[in-house]
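Peer 1: Handing you a structure now.
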Amino acid sequence: MGLANTKLSIGETDQEIKKALIESRPHCQLSCVPENVFEMIIGYVQKYFNCYDCNREGLLSAYNPKVTFSLCLNMSSQCTNRSFRFEDAYYRDNRNLKRLSGRESYHDEKRSKLLHHGKIDTVNLITKLPPTEHDPASFRLDSCYFSTNMIAFSLTGVFKEGKSTDKVRPLRSFYRSFVCVPDPEIQMTIINDQYVISNITGYQYKKYFQQNRRPNDSAQASSEPSTSSNNVVDEQTRMIKQFSTESKLNLEWSKYCLDHAQWNYEQAAKIFMEYKDSIPKEAFLV
């Protein structure tokens, strides 16, 4: 299944992603992008990320035969909410120039080697990266340039990493910079793709869980007395402190673990024991 045949089904409707992208239009000269160009970008983003999450081999038709692709891990962001260890598949192709060291000749060779050329090499790499589930409500257009021969735009957002059956699925922040050229069959193909992955910021973390609250959460909150809400908060606070005492995790990480287990204490303990070795040292109490 190629990109051209992919159904626009990312999110509940094709209007969900459009709403998110429209909100970001005033930034970086996006206000002067013609409506037909903007609609083209929206449609392309929908198809691309739906295919990326479900069938990456189908992205072969999305890339130009002369495409250049690079992957970079931003592991030192001061805005990071919490750190989750990246899988080895990311490290092998991480083209973060600040991380390249050694003699100059080796540095130049490594820098060149980590650039991927051609659509087969590019798709071969992205199919080896961990599974993802992008959140369309988090998508934001950051900049855009267009001419008769080229469209360039960048996109930021959040995705869950791992399979839907995984007990722990880290949230990641991403930045994608696409340069596209016209194509007679599928409107346009990507000739340059720069992919940057980071751990999410505190703002993205709060925004994500606000947008993805279960439908009955808000209804229950409005129908129950405020005293009941206070009791829930008090119970969760008690659970966080108890979990922190028993696991030696700090309060923030204890809350995060309980969040992922939907406040099932026993399940949170099982998850902690399973992934204990991959939790960063700074998450533990001194």
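The values are calculated or read from the model by the stated rules, or taken from the named source; none is laboratory data. Remember, predicted model here, so these are calculated numbers, not experimental data. Cβ sites come from the backbone with ideal geometry, for glycine too, and all protein chains shown count toward neighbours. With ligands, DNA and RNA removed, areas are computed over all heavy atoms of the protein, side chains included. Shrake-Rupley method; radii C 1.70, N 1.55, O 1.52, S 1.80 Å.
Peer 1: Taking the Cβ-Cβ separation of residue 282 and residue 60 as r and a Förster radius of 35 Å, what is the calculated FRET efficiency to the nearest 0.05? It would help to have the intermediate numbers written out before the result.
Peer 2: Values: r = 41 Å, r/R0 = 1.17.
The computed FRET efficiency comes out at 0.30.
Peer 1: Ordering 173, 147 by accessible area with a probe of 1.4 Å, largest first, what comes out? Spell out each step's value before the answer.
Peer 2: Details: 173 20, 147 50 Å².
Descending accessible area places them as 147, 173.
Peer 1: Related question: Working with all protein chains in place, sort 111, 238 by solvent-accessible area computed with a 1.4 Å probe, largest first.
Peer 2: Values: 111 85, 238 115 Å².
The ordering from most to least exposed comes out as 238, 111.
Peer 1: Taking a ≥ b ≥ c as the square roots of the eigenvalues of the Cα gyration tensor of segment 226-286, is the shape rounded (a/c under 1.5), prolate (a/b larger than b/c) or oblate? Spell out each step's value before the answer.
Peer 2: Values: a/c = 2.70, a/b = 1.80, b/c = 1.50.
Since a/c reaches 1.5 and a/b is larger than b/c, the shape of segment 226-286 is classed as prolate.
Peer 1: Arrange the residues 260, 134, 117 by how much accessible surface each exposes, largest first, with a 1.4 angstrom probe. Show your work: numbers first, answer last.
Peer 2: Values: 260 55, 134 10, 117 110 Å².
Largest to smallest exposure gives the sequence 117, 260, 134.
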